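Single-structure report; data block below.
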Amino acid sequence: MPSVAIIGAGFGGLCMAIRLQMAGTATYTVFEKAGDIGGTWRDNTYPGAGCDVPSHLYSYSFEKYASWTRRYPEQPEILAYLERCADKYGVRPRIRLNTEVVAAEFTGERWRVTTAAGDVEEFDVLVAGVGQLNRPHLPDIEGMTEFTGTSFHSARWNHGHDLTGRDVAVIGNGSSAAQFVPRIAPIARRVDLYQRTPNWVIPKPDAGFTLPHRLSFRYLPFLQRAYREWIYRRVEATFYPALRRNGWSAGYVRGLALKHLRDQVPDPELRARLTPGYRIGCKRILLDNAFYPALTRPNVEVVTDPITRITPRGVGSREHDTIIYATGFETSDFLAPIEITGRAGRTLAGQWKRGAEAYLGITVPNFPNLFLLYGPNTNLGHNSIVFMIECQVRYIMACLPHIAARGPMEVRQDAMDAWRQRLERKMGEMVWQDGCRSWYQNADGKVTGNWPGTTTLYRRLTRSPRLEAYGWG
Ligand code: NAP
């Protein structure tokens with residue numbers, strides 16, 4: 001089997017490592033820049049961090065877990081699940097922690113991988129599992145560096161800074177802020193939430209699993225499989241259509257969101273400020289039961305005036321001792337800042353200047369034997385990204401024997417062009433450019449994040465490599 005370098009030990013990189021391990025090949029190395037595994041579930045430790053996809057679906061199909069304590073468990077449980085997977089499948093010895101890959105260059109036959117420490121090693125195949133939400137985005141606001149209080153990004157939570165009795169400014173109101181604002185509001189003296197664009201929010205049907213539930217899942221595995229399948233089919237059938245321009249469920253989901261707002265926010269003036277003016281689904285729909293109630297607290301204010309500057313004492317004319325940037329991630333420069341050089345000295349950053357793209361979101365012309373997990377146009381607005389990652393890993397595993405038999409595998413430019421046209425046609429059916437800006441888009445407004453089809457279609461398209469696309473027909 002070809003040797004494989006995997007970058008990142010989050011859901012994607014671990015899945016790749018586990019599948020290689022299960023296939024009985026130990027010729028892989030996982031490079032992880034942080035001191036531990038877990039990716040986004042290691043980084044996002046803010047109070048209330050969790051996933052808005054039920055964990056019975058947001059987990060590997062080959063490693064179902066019967067003991068989730070609730071439908072939507074929080075970050076510690078998800079991280080513990082990943083750690084257990086790494087242990088159970090014995091991949092830890094092949095993970096190099098605190099080892100950042102800074103460059104990878106295709107030599108004509110193999111990938112030469114360089115780490116920040118200056119070590120160089122060669123592998124046949126390079127798999128990038130760095131995710132789309134791994135580098136915190138900090139805004140560029142005048143005066144930011146002059147602030148004399150404590151400030152941090154939500155994905156780099158400062159647990160040493162007690163928020164009790166503090167005057168806190170939260171900048172941003174996406175999924176992260178929606179989860180931690182209800183946790184900090186009861187202890188802070190005041191929370192000013194700076195909202196640039198309101199989000200659509202629907203109820204989160206969360207519930208705990210009782211012991212009988214958990215025992216049933218453990219001892220009646222068909223029940224757990226059926227439950228997982230039911231969640232999958234429900235989100236696919238109800239929420240995917242809501243993201244389509246003529247989707248049948250958009251009105252239904254919008255109705256849910258408006259009712260949720262009416263039920264939870266009695267004040268009409270605040271309700272008006274929280275009502276989005278763009279089509280539902282254009283930005284990520286939030287699933288949350290605690291965010292709106294937190295915003296109605298007397299010590300919380302939703303501030304919609306644009307932020308003009310940050311002073312040493314707070315945001316604009318207000319005084320704060322803490323600023324929390326819930327301002328999302330650098331999402332469109334996939335793989336940055338790793339310098340990836342393919343055939344004939346081409347760099348990935350150069351090739352993707354007008355937007356990242358990859359055939360099936362996995363392979364890139366001019367970059368033989370490079371495979372991406374959770375690459376361009378494979379994010380979802382409605383279902384489990386772990387499902388997409390497993391499709392990609394299955395595809396890569398199917399490519400490896402071909403590489404072993406025939407040498408480097410490179411997707412043809414015409415296959416990439418045909419894929420782009422197909423994506424663009426499908427993208428025209430979706431709502432992600434209908435009156436909003438979001439992290440799904442790059443700086444030019446092109447949607448480089450999301451997959452515009454059903455996940456069932458993606459699974460079918462990635463079931464096995466079409467060898468003609470690689471010039472091996
Ligand atoms: P996000 O959705 O990208 O939200 C960033 C927020 O910061 C937005 O409200 C944005 O305003 C605001 N912002 C950015 N720059 C700003 C500036 N210069 N001035 C004022 N406001 C600014 O980030 P996130 O909340 O961290 O979530 C990112 C993604 O992570 C989610 O969409 C989701 O996929 C995932 N996530 C999921 C969960 C979950 O499962 N529940 C939890 C956390 C994260 P605009 O909207 O106006 O741009």
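The values are calculated or read from the model by the stated rules, or taken from the named source; none is laboratory data. Nothing here was measured: the structure is a model prediction, and the numbers come from that model. Cβ coordinates were reconstructed from backbone atoms using ideal geometry, including for glycine residues, and neighbour counts include every protein chain displayed.
So for segment 428-435 (the condition being under 14 Å from the mean Cα position of the chain (by Cα), within 16 Å of the ligand (Cβ to nearest atom) and on the phi > 0 side of the Ramachandran plot), does at least one residue qualify?
Checked against the condition, which is being under 14 Å from the mean Cα position of the chain (by Cα), within 16 Å of the ligand (Cβ to nearest atom) and on the phi > 0 side of the Ramachandran plot, segment 428-435 yields no hits at all.
Could you say whether any residue in segment 26-34 is more than 15 Å from the ligand (Cβ to nearest atom), acidic (Asp, Glu) and part of a loop (DSSP other than H, G, I, E, B)?
yes
For segment 129-137, check the following and say yes or no: at least one residue is under 30 Å from Asp321 (Cα atoms), in contact with a Pro (Cβ under 7 Å, 6 or more places away or on another chain), touching a residue at least 12 places away in the same chain (Cβ under 8 Å) and not in a helix (DSSP H, G or I).
Among the residues of segment 129-137, not one is under 30 Å from Asp321 (Cα atoms), in contact with a Pro (Cβ under 7 Å, 6 or more places away or on another chain), touching a residue at least 12 places away in the same chain (Cβ under 8 Å) and not in a helix (DSSP H, G or I), which makes the answer no.
Looking at Arg96, Arg19 in this structure, which one is touching a helix residue (DSSP H, G or I) at 6+ places or on another chain (Cβ under 9 Å) and of a type in the set (Lys, Arg)?
Testing whether each residue is touching a helix residue (DSSP H, G or I) at 6+ places or on another chain (Cβ under 9 Å) and of a type in the set (Lys, Arg) leaves just Arg19.
Looking at segment 219-237, can you tell me whether even one residue there is within 16 Å of the ligand (Cβ to nearest atom), in a helix (DSSP H, G or I) and closer than 22 Å to Ala155 by Cα?
no
Would you confirm whether or not segment 192-203 contains a residue that is over 20 Å from Trp68 (Cβ atoms) and either among the hydroxyl-bearing types (Ser, Thr, Tyr) or over 28 Å from the mean Cα position of the chain (by Cα) (or both)?
Taking every residue of segment 192-203 in turn, at least one turns out to be over 20 Å from Trp68 (Cβ atoms) and either among the hydroxyl-bearing types (Ser, Thr, Tyr) or over 28 Å from the mean Cα position of the chain (by Cα) (or both).
With a cut-off of at least 2 residues that are touching a Ser or Thr at 6+ places or on another chain (Cβ under 9 Å), in contact (Cβ under 8 Å) with a residue 24 or more places away in the chain and more than 7 Å from the ligand (Cβ to nearest atom), name the strands (runs of 3 or more DSSP E) lying wholly within segment 139-210.
Output list reads 150-153, 167-171.
When you scan segment 257-268, do you find a residue that is surrounded by 18 or more Cβ atoms within 10 Å (Cβ to Cβ), under 24 Å from Gly381 (Cβ atoms) and under 25 Å from the mean Cα position of the chain (by Cα), even just one?
yes
Out of all the residues in segment 255-280, which are within 26 Å of Ala207 (Cβ to Cβ), within 16 Å of the ligand (Cβ to nearest atom) and not in a helix (DSSP H, G or I)?
Correct list: Leu274, Ile280.
Have a look at Ala356, Ala344 and point out the one that is at pLDDT below 95 and outside any strand (DSSP E or B).
Just one listed residue meets the conditions, Ala344.
The rows are residues; the columns are (1) surrounded by 20 or more Cβ atoms within 10 Å (Cβ to Cβ); (2) within 16 Å of the ligand (Cβ to nearest atom).
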{"residue": "His320", "(1), (2)": "yes, yes"}
{"residue": "Gly328", "(1), (2)": "yes, yes"}
{"residue": "Trp352", "(1), (2)": "yes, no"}
{"residue": "Glu357", "(1), (2)": "yes, no"}
{"residue": "Gly375", "(1), (2)": "yes, yes"}
{"residue": "Gly381", "(1), (2)": "yes, yes"}
{"residue": "Gln392", "(1), (2)": "yes, no"}
{"residue": "Arg406", "(1), (2)": "no, no"}
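Just to be sure before I move on: is Asn366 in contact (Cβ under 8 Å) with a residue 40 or more places away in the chain, among the polar types (S, T, N, Q) and surrounded by 22 or more Cβ atoms within 10 Å (Cβ to Cβ) in the structure I sent?
no
Could we say that Ser67 is surrounded by fewer than 17 Cβ atoms within 10 Å (Cβ to Cβ) and assigned to a loop (DSSP other than H, G, I, E, B) here?
So Ser67 fits the description; yes.
Restricted to segment 281-304, and to residues that are within 11 Å of the ligand (Cβ to nearest atom) and not basic (Lys, Arg), which residue is surrounded by the fewest Cβ atoms within 10 Å (Cβ to Cβ)?
Thr304
For Asp206, indicate whether it is surrounded by fewer than 18 Cβ atoms within 10 Å (Cβ to Cβ), under 24 Å from the mean Cα position of the chain (by Cα) and closer than 27 Å to Phe180 by Cα.
yes
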